[in-house]
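Trainee: Attaching a single structure in structure tokens format; questions to follow.
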Amino acid sequence: MVDLQGHIERVTFSNEENGYTVARVKIPGRREPVTVVGGMINPTPGEKVRMKGEWTNHPRFGEQFRIVVCESSVPATVYGIEKYLGSGLIKGIGPVMARRMVEKFGEATLEVIESESSRLLEVEGIGEKRVAMILKAWEEQREIRAIMLFLQSHGVSSAYAARIFRQYGNAAFKVLQENPYRLATDIFGIGFLTADRIAEKMGFARDSRLRAEAGILFVLHELADEGHVLYPAEALIRKCEEILEIDPEIIASALEAAAGERRIVIEEGSAFPEAQPELIRDRAVYIRTIYPIYRVQNAVQGRSDCGIGMRDLILLITREKGYVEKGGTYPIILLNHPDYHLFYKRFLLSPLLTEQRFTHFSHSTATNTREDTPNTRKSSCRLRC
């Protein structure tokens with residue numbers, strides 16, 4: 001990767017949700033600013049940036065530097081300080097006030113804010129109230145820079161760091177130090193393997209219970225994508241052992257712990273009389289989010305062990321939505337497989353009741369189940385209530 005350093009001249013575009021930024025950066029030795037694209041947190045004109053990435057050639061916009069890692073720091077030149085403070089980043093300071101401050105303190109302006117804030121009263125137009133406002137905003141920006149530096153020093157790219165900060169804010173330190181595997185469930189785009197690399201760099205043991213539990217969930221999701229909504233417990237432990245490369249006893253213990261925390265569900269094989277023989281002999285494991293969907297399906301079939309009123313609620317909603325058809329058939333989508341007693345894991349209880357996407361699982365169409373909806377699978381059979 002190429003190293004590049006400079007000062008942000010202009011921010012052309014910045015997405016607050018994911019940190020994606022298009023900016024112009026002034027590089028020493030180059031006559032014109034260069035266009036950089038990638039993840040940045042609160043990019044600010046005048047800010048000093050050190051980037052790692054690679055040069056690309058966009059067919060429309062020409063030469064660009066694609067950021068992989070970006071570290072920012074406060075500017076050191078008078079020009080950069082004025083541009084930085086005048087950008088609106090620090091509440092209480094606009095372009096006019098920034099110019100006054102720089103004229104007064106020069107290159108020491110940021111040091112005055114940091115450690116001699118009472119001297120700000122020497123600047124025309126700044127009173128006690130504005131000083132307090134400036135100091136609060138300055139502290140917030142310092143925390144952001146510290147968090148970004150912490151994340152990137154542990155191998156987190158700028159794009160992921162932006163998402164992490166967006167999700168956790170100033171609590172990012174605490175979350176990662178306690179359980180970096182939360183990233184795999186909390187942050188879109190970060191899976192178990194990425195979270196595992198971050199955890200390893202932070203010193204978490206490979207045989208820790210946190211890693212074992214996260215690995216179990218990862219394997220269950222992978223199995224679901226292959227066409228399994230439940231899996232025999234012993235076979236699951238063996239698969240986890242292959243991927244995690246740790247003692248199976250640790251995995252078995254983590255399996256029970258995850259069930260106790262209600263992150264997964266473990267059912268005796270006798271609970272699934274229509275399932276395959278190995279599930280009759282062994283316990284079946286599946287992700288907890290399937291469980292309420294399983295109960296909804298039971299309610300639709302009128303089984304007595306379902307939640308009170310669940311079946312009536314489903315029928316009421318379908319009638320109010322105008323989904324009732326001749327002969328009492330409701331648009332609850334089924335895929336052609338005898339083991340249709342479980343709904344596909346991606347469709348949770350809340351969207352089921354609000355969007356009417358009652359989608360059952362099919363082993364024969366596993367690769368397409370995420371796209372199955374009432375609009376895309378007209379040939380699906382229907383459930384008669």
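Trainee: Does A159 satisfy being outside the structural domain of S87 (by TED's automatic domain parsing), farther than 30 Å from L255 by Cβ and surrounded by 19 or more Cβ atoms within 10 Å (Cβ to Cβ)?
Mentor: yes
Trainee: Looking at the range 123-144, can you tell me whether even one residue there is surrounded by 13 or more Cβ atoms within 10 Å (Cβ to Cβ), modelled with pLDDT under 90 and more than 23 Å from E16 (Cβ to Cβ)?
Mentor: The answer is no, given that none of the residues of the range 123-144 is surrounded by 13 or more Cβ atoms within 10 Å (Cβ to Cβ), modelled with pLDDT under 90 and more than 23 Å from E16 (Cβ to Cβ).
Trainee: Sticking with this structure for a sec: Taking the range 94-108, which residues are at positive phi and either aliphatic (A, V, I, L, M) or buried (at least 19 other Cβ atoms within 10 Å of the Cβ) (or both)? Steps first, answer last, please.
Mentor: Going residue by residue through the range 94-108, those that are at positive phi are 106.
Within the range 94-108, none qualify.
Trainee: To continue, here is another question. Which condition number does N179 fail, the rest of (1) of a type in the set (S, T, N, Q); (2) touching a helix residue (DSSP H, G or I) at 6+ places or on another chain (Cβ under 6 Å); (3) at pLDDT below 90 being met?
Mentor: Unmet condition: (3).
Trainee: In this structure, does E111 turn out to be surrounded by fewer than 18 Cβ atoms within 10 Å (Cβ to Cβ), touching a helix residue (DSSP H, G or I) at 6+ places or on another chain (Cβ under 7 Å) and not basic (K, R)?
Mentor: no
Trainee: Across the range 22-52, what is the number of residues that are among the polar types (S, T, N, Q), without any contact (Cβ under 8 Å) to a residue 60 or more places away in the chain and closer than 18 Å to L149 by Cα?
Mentor: Qualifying residue count for the region: 1.
Trainee: Hey, any hits in the range 86-93 for a residue that's in a helix (DSSP H, G or I) and on the phi < 0 side of the Ramachandran plot?
Mentor: No, every residue in the range 86-93 fails to be in a helix (DSSP H, G or I) and on the phi < 0 side of the Ramachandran plot.
Trainee: Another one. Can N42 be described as out of contact with any Leu (no Cβ under 8 Å at 6 or more places or on another chain), surrounded by fewer than 22 Cβ atoms within 10 Å (Cβ to Cβ) and not assigned by TED's automatic domain parsing to the domain that holds A161?
Mentor: No, not satisfied.
Trainee: When you scan the range 19-62 for strands (runs of 3 or more DSSP E) that lie fully inside it, which ones turn up with 3 or more residues that are more than 26 Å from R142 (Cα to Cα)?
Mentor: Result: 48-58.
Trainee: Let me ask something else about it. Which one is surrounded by the most Cβ atoms within 10 Å (Cβ to Cβ) among residues in the range 180-210 that are within 18 Å of the chain's Cα centre (by Cα) and basic (K, R)?
Mentor: Residue satisfying both the conditions and the ranking: R182.
Trainee: Tally time: how many residues in the range 1-33 are at pLDDT 90 or above, exposed (fewer than 13 other Cβ atoms within 10 Å of the Cβ) and within 15 Å of A159 (Cα to Cα)?
Mentor: Residues that pass the stated criteria total 1.
Trainee: Test of understanding: among R145, R99, which residue is in contact (Cβ under 8 Å) with a residue 60 or more places away in the chain and more than 17 Å from the chain's Cα centre (by Cα)?
Mentor: Working: R99 fails: in contact (Cβ under 8 Å) with a residue 60 or more places away in the chain.
Step by step, each of R145, R99 is checked, and only R145 is in contact (Cβ under 8 Å) with a residue 60 or more places away in the chain and more than 17 Å from the chain's Cα centre (by Cα).
The values are calculated or read from the model by the stated rules, or taken from the named source; none is laboratory data. All values reported here derive from a predicted model rather than from experimental measurement. All Cβ positions, glycine included, derive from the backbone under ideal geometry; neighbour counts span all protein chains shown.
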